[in-house]
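First the structure, in the form of structure tokens, and then the observations on it.
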Amino acid sequence: MKQPPRGRNFFFGPGPTNIPDSVLAAIAHATIDFNDADFLALYESCVAGLKRMLGTTQHIFLYTASGHGAWEATFANLCAPGDRILMVESGYFSDSWAKMARRFGLVAETLAADWRCGADFDALRRMLAADTGKKFHALCIVHNETSTGVRLPLEEARRLLDETGHAALLFADTISSFGSMECQMDGWGIDALVGGSQKGLMLPTGMSFTAVSEKAMAVHAAAGLPRYYFDWTEMLTRRQKSFCGTLPVALFFGLKEALRLIEEEGLDAVFARHRRLGEGVRRAVRHWSGNAGPELFCTDPARASDSVTAILMPDGHDAEAIRHTALRRFNVALGTGLGPLRGKVFRIGHLGDLNEPMVLGALGAVEMSLAINGVPHSPGGIDAAMAWFADGIDPPVPGAA
Ligand SMILES: *Cc1c(COP(=O)(O)O)cnc(C)c1O
């Protein structure tokens, strides 16, 4: 029987994520007309903030939809039936995005990969170089594969396209990376960057977007897939130059506050915090793995994600049992294994509104759940994380000489 939960629920899914109290308070706002001048001013300041965060001065189209909607909008506005795209395999999300492409009549080729480390970029270079007819219309990459905790070197993709003289558009899913890890739209030459509200932006689910380069906008005019709800040309005729139908007004009150929090902390400090928290989780898992225990799913430390860690159970032990115990006994919500990883992997999301004691709480609940379920592990992962978090210099006391 589930015990009535007491204390705060510790939410450690990799999306949606924790919503800061001040963002929750900001969302609790009476409805206003989205054609009202006050709303337009709020809207414009939010779009400007998002663009600063993404490092872009180009276009952005927003939708009342979750991230899947932005995936769909990107294909619908930039592709024609029969276009060939190259999907760089990373895991469940790259597979799903390729599946969507095929449903739209695109020819999706895949650069196959071991999910534990993601695609080999030397193989990507060879594949682009071998495409001498330059038939790939777009190269699609999931920057941070949320199902596996593997981050791909998105910044390399532009270099490979340029070096091989390939004109393919670069589509990037940055849904679980932007706002948690470095991600530069213009600096990295991304043509269509897909993001959503409920991960690093710390908002409820319900809004997503595509940031679009000038080069891609030129392609848009001739892209022949049918579209209506997501049609950018229609959107450009609206005052907000985005959205079809009703705007999620409440989310903009939240977005303004979320952007304020991020800019107050500083984007680089936000990235450094994610790196520090992610490394603490990884140190705990590496410690547990000592006694034939659970291990990091990501086998390439250079590609370890700073927003989510997937943890692979020892053979014969069910990851869902750990999730179940953590939630029922300790009110800690962990992420499930997706697709073929169900039961084999659980995930700790460490993105958004988090600090060290919150992460230690989750790690403590996981370690207790391993013990309760008789899963072999080397006890003391939480100490390894504490040692890492306690290392370093205290911030200066304000006003002290
Ligand atoms: C969450 C996520 C998605 C899907 O977004 P929804 O908002 O759930 O539709 C797609 N790609 C990645 C990498 C994600 O993390």
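Taking the DSSP beta bridges with both ends in the stretch 129-207, the antiparallel portion is around 20 percent.
The charge dipole of the chain, taken about its Cα centre with unit charges on the Cβ atoms of Lys, Arg (+1), Asp and Glu (-1) only, comes to about 820 debye. When the alpha carbon coordinates of the chain are projected onto the principal axes, the ranges are 59, 53, 53 Å, largest first. With contacts defined as alpha carbon pairs under 8 Å and 6 or more residues apart, what's the relative contact order of the chain in percent? RCO, the chain: 23 percent.
Toward the positive end of the charge dipole of the stretch 91-240, about the Cα centre and with charges on Cβ (Lys, Arg +1; Asp, Glu -1), which of Ala112, Phe209, Gln240 goes farthest? Of the options given, the answer is Gln240.
A dipole drawn for the chain from +1 and -1 charges on Cβ atoms has a positive end, and of Phe75, Ala168, Gly316 the residue lying farthest that way is Gly316. Antiparallel beta bridges, as assigned by DSSP with both residues in the chain, represent about 50 percent of the total such bridges. Taking the charge dipole of the stretch 1-49 about its Cα centre, with +1 at Lys and Arg Cβ atoms and -1 at Asp and Glu Cβ atoms, the residue from Gly49, Ala37, Ala25 reaching farthest to the positive side is Ala25.
As a rough guide to protection, the peptides 272-279, 19-26 ranked by mean Cβ packing within 10 Å, highest first, stand as 272-279, 19-26.
The Kirkwood radius of the stretch 244-401, taken over pairs of alpha-carbon atoms, gives through the Stokes-Einstein law at 4 °C and 1.567 mPa s a diffusion coefficient of 76 µm² s⁻¹.
Kirkwood hydrodynamic radius computed over the stretch 148-294 comes to 18.0 Å, based on all pairs of distinct alpha carbons. Across every direction, the projection of the convex hull enclosing the Cα atoms of the stretch 56-103 has a mean area of 4.3 nm².
Any read-out appearing in this document is the output of simple, stated calculations on the displayed coordinates, not a laboratory observation. Just so we're clear, the structure is a prediction, and the values are computed from it rather than from any experiment. Using ideal geometry, Cβ is built from the backbone for each residue, glycine included, and neighbour counts are taken over all protein chains shown.
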